[in-house]
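Engineer: Sending over a structure as structure tokens; questions will come in a sec.
Every number in this text was worked out from the coordinates using simple rules, so none of it is lab data. The structure presented is a predicted model; accordingly, all values stated were derived computationally and were not measured. Don't worry about glycine lacking a Cβ; one is built from the backbone with ideal geometry, like all the others, and counts go over all protein chains shown.
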């Protein structure tokens, strides 16, 4: 017997109260709402945002919605967490975080973070020349840091030192020993003393998907022997005082706080020993790794984290302080590069499901007819006699009949119509058997597999390769759920497929408190009514890492701000149109003017040969040129053609 359905039931099903972190919830209308500052008195209904974006700005799907106030709130929350931990522990220094621009390089995102972080002297981290040039331009606060990570050439170093001449605190982190000699040579040419950091290669290893970015075989960092050599090089150059920072990175999205504790203690020991060797160190950079609880399980699973932000800050402060006190070294200024935890929650990818592929719904009338094999009568009898008591036996018998039919078809012994009838009944039997187990504590593995086999495929207007690359490449899980109709019980189980022509363009793994789900509970698609899904916690890496598979380009964006003067309490401050077909083609050397010229030549030839009338030809050419200016994704003019496919 099914339990009653209500908003709390929907909240529990999709775990939104756990991964939502107070930013996301379901309102009384059954729509997902966003509270950008975790204040429930200022909710923003996602369906109202969609309506505004479509009616006022003409933005189609897929659509990324950014909540800039949420972004600001994340910056403030992280800084305040470290301030509170420092005050609680009577720590003898301050916190100076930096935003690693590689996590999201979008100008509007970076500028919002810099503005929100100004009261906290929050800085920026760059790992390449393009990132450094952007960081130098956006950086204004002389008290905040610019951390330069990654491999460097002389031009990289020159521009970093330009920042020093402008009064900025730019720290060049040495990733390999040869870089130190280059930095010293260029700084001598430029005539400015550099601020130098060293990345140490720890024995402590990370955990999760990015565990290999730490440990003794890591791509970056100096070994103990190389650290001693670097110290001697600086002393011989009379620049021992230029070593200002010790840096380490144990990996991105670290799920276990124990990993972070061990790494912090080991790195602090390096810091203390280098300080006692005569270097005027000021900063200890604990790198990134602050985890985001994507699934809400609060465990050491790779898509989760078994600690809170407050615990993370307290453990870092306490462990640094304890090691430094034992070594009789002054407490360093703490730096962290927690980019994912800052930007992940502020961005939502909204997509439209416009069709479904369903196995268990046959349109054919099923009744024995002349020429049908006895197997059809057998499976019909099996269906009529199916009960809860004989459900597994019936499933096994139905599977045997289906296999026999396939063998007969391969040998040419059965007609297509008969095969279709038998398969229709098979899927109906399988669906009934799965239904008998719904809600039970124990479900046999073969029934679980059948449930996955039976699930629908909802066709969604987006590209996994453009907008969800971490899911495709690394299996990263993101919260996915309908953003409306949540007052209705979802009756279908489905996976999601995109509109690329690649079989990998799908989402078949979903978050769950206990395990990874292979299907997602969704509502029946209604003809001529749009059905919207949201991919949440999407702000880290996905915006920049997507590729152009099938030439699907960057998607439309809307940036939302709270404003108490607005009747709704919010407004769309800015929109960014997604890439047009011409823009995407231009990236791979297809010039839109040349394409139009070639098509016009073919149209003219068709007119001359009487294949096309002039008026018809000009309309076709105009449609072609109009298409070049259009969105790369499907456009339904506000109406989906949601029809189940049998």
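Engineer: Could you tell me which label, among [x] 28.1; [y] 27.3; [z] 30.9, carries the value of Kirkwood radius over Cα pairs in Å calculated for this structure?
Structural biologist: [x]
Engineer: Now, a different point. Quick check: the distance between the Cα centres of the range 593-617 and the range 478-555, to the nearest angstrom?
Structural biologist: 41
Engineer: Roughly what % of DSSP beta bridges within the chain run antiparallel, to the nearest 5?
Structural biologist: Just about 45 percent of them are antiparallel.
Engineer: Multiplying the sequence separation of residue 504 and residue 280 by 0.36 nm and subtracting their Cα-Cα distance, what value in nm do you get? Please report the intermediate quantities before stating the final value.
Structural biologist: On the way: separation 224, 0.36 × 224 = 80.64 nm, distance 5.29 nm.
Gain on stretching residue 504 to residue 280: 75.4 nm.
Engineer: Could I ask something else about it? Report the relative contact order of the range 368-442, percent, no decimals, based on alpha-carbon pairs under 8 angstrom and at least 6 residues apart. Intermediate values should be presented prior to the final figure.
Structural biologist: Values: 47 pairs, mean separation 29.5, N = 75.
Over the range 368-442, the number comes to 39 percent.
Engineer: Oh, and also: Taking the mean number of other Cβ atoms within 10 Å as a proxy for protection, how do you rank 288-299, 73-84 from highest to lowest? Before the final figure, lay out each step's value.
Structural biologist: Values: 288-299: 23.2, 73-84: 19.4.
Per-residue Cβ counts within 10 Å, averaged per peptide and sorted highest first, yield 288-299, 73-84.
Engineer: Can you figure out the FRET efficiency of residue 162 with residue 236, using R₀ = 22 Å and their beta-carbon distance, to the nearest 0.05?
Structural biologist: It comes out at approximately 0.25.
Engineer: Same structure again: Normalised by the residues of the chain, what does the relative contact order come to in percent, with Cα pairs under 8 Å and at least six apart?
Structural biologist: Details: 1263 pairs, mean separation 102.1, N = 646.
Taking the mean separation of contacting Cα pairs over the length of the chain, I get 16 percent.
Engineer: Over the range 91-337, what is the mean sequence separation of C-alpha contacts under 8 Å (at least six apart), divided by residue count, expressed as relative contact order in percent? Kindly include the intermediate steps, with their values, before the conclusion.
Structural biologist: Values: 515 pairs, mean separation 44.0, N = 247.
Result for the range 91-337 is 18 percent.
Engineer: Follow-up question, since we're still on this one. Taking the highest mean first, how do the peptides 228-237, 195-204, 176-185, 489-498 order by number of other beta carbon atoms within 10 angstrom per residue?
Structural biologist: In descending order of packing, they fall as 195-204, 489-498, 176-185, 228-237.
Engineer: Give, in nm to one decimal, the length gained when the segment between residue 566 and residue 443 is fully stretched (0.36 nm per residue of separation minus the Cα-Cα distance). Walk me through the intermediate numbers first.
Structural biologist: On the way: separation 123, 0.36 × 123 = 44.28 nm, distance 5.17 nm.
Fully extending the segment from residue 566 to residue 443 adds 39.1 nm.
Engineer: Using only the Cα atoms, work out Rg/Rh for the range 582-628, with Rh taken as the Kirkwood radius, to two decimals.
Structural biologist: Numbers: Rg = 11.8 Å, Rh = 11.2 Å.
Reported Rg/Rh, Kirkwood definition of Rh: 1.06.
Engineer: Between residue 115 and residue 576, how high is the FRET efficiency from 1/(1 + (r/R0)^6) when r is the Cβ-Cβ distance and R₀ = 25 Å? Nearest 0.05. Don't skip to the answer; put the middle values down first.
Structural biologist: Numbers: r = 19 Å, r/R0 = 0.75.
The formula returns an efficiency of 0.85 here.
Engineer: Please give the FRET efficiency for residue 622 paired with residue 51, using the beta carbon to beta carbon distance and R0 = 41 Å, rounded to the nearest 0.05. Before the final figure, lay out the partial values.
Structural biologist: Values: r = 31 Å, r/R0 = 0.75.
Here the calculated transfer efficiency is 0.85.
Engineer: Does anyone have the angle between helix 309-327 and the longest principal axis of the chain? Alpha-carbon axes, 0 to 90°, nearest 10?
Structural biologist: 30
Engineer: Another question about this same structure. Against the longest alpha carbon principal axis of the chain, how many degrees, from 0 to 90 and to the nearest 10, is the axis of helix 445-454 turned?
Structural biologist: So the inclination is approximately 80 degrees.
Engineer: Can you give the helix-only mean residue ellipticity at 222 nm for the chain, where every DSSP H stretch with n ≥ 4 adds -39500 (n - 2.57) and the sum goes over all residues, rounded to the nearest 500 deg cm²/dmol?
Structural biologist: My calculation for the chain gives -13000 deg cm²/dmol from helical runs alone.
Engineer: Also, I was wondering about something else. Evaluate the Kirkwood expression for the hydrodynamic radius of the range 91-337, namely the inverse of the mean inverse distance over all pairs of different C-alpha atoms, and round to one decimal in Å. Can you show the working numbers first?
Structural biologist: Working: mean 1/r = 0.0551 Å⁻¹.
One decimal place: 18.2 Å for the Kirkwood radius.
Engineer: Okay, moving on. Mind sorting 561, 409 by how few other Cβ atoms lie within 10 Å of their own Cβ, fewest first? Each step should come with its number before you reach the end.
Structural biologist: Details: 561 18, 409 15.
The fewest-first ordering by Cβ neighbours comes to 409, 561.
Engineer: Compute the separation of the alpha-carbon centres of the range 302-330 and the range 224-298 and state it in Å as a whole number.
Structural biologist: 13
Engineer: Treat each spin label as a single point 7 Å out from the Cα along the C-beta direction, and report the residue 545 to residue 322 distance in nm.
Structural biologist: 3.3
Engineer: Report, to the nearest 10°, how far helix 154-165 tilts away from the longest principal axis of the Cα atoms in the chain, using its own Cα long axis and a range of 0 to 90°.
Structural biologist: That helix lies at roughly 60 degrees to the long axis.
Engineer: Assuming 0.36 nm per residue, please report the length gained on full extension of the stretch residue 310 to residue 489 beyond their Cα-Cα distance. Don't jump to the answer; show the numbers that get you there.
Structural biologist: Numbers: separation 179, 0.36 × 179 = 64.44 nm, distance 3.65 nm.
Between residue 310 and residue 489, full extension yields 60.8 nm more.
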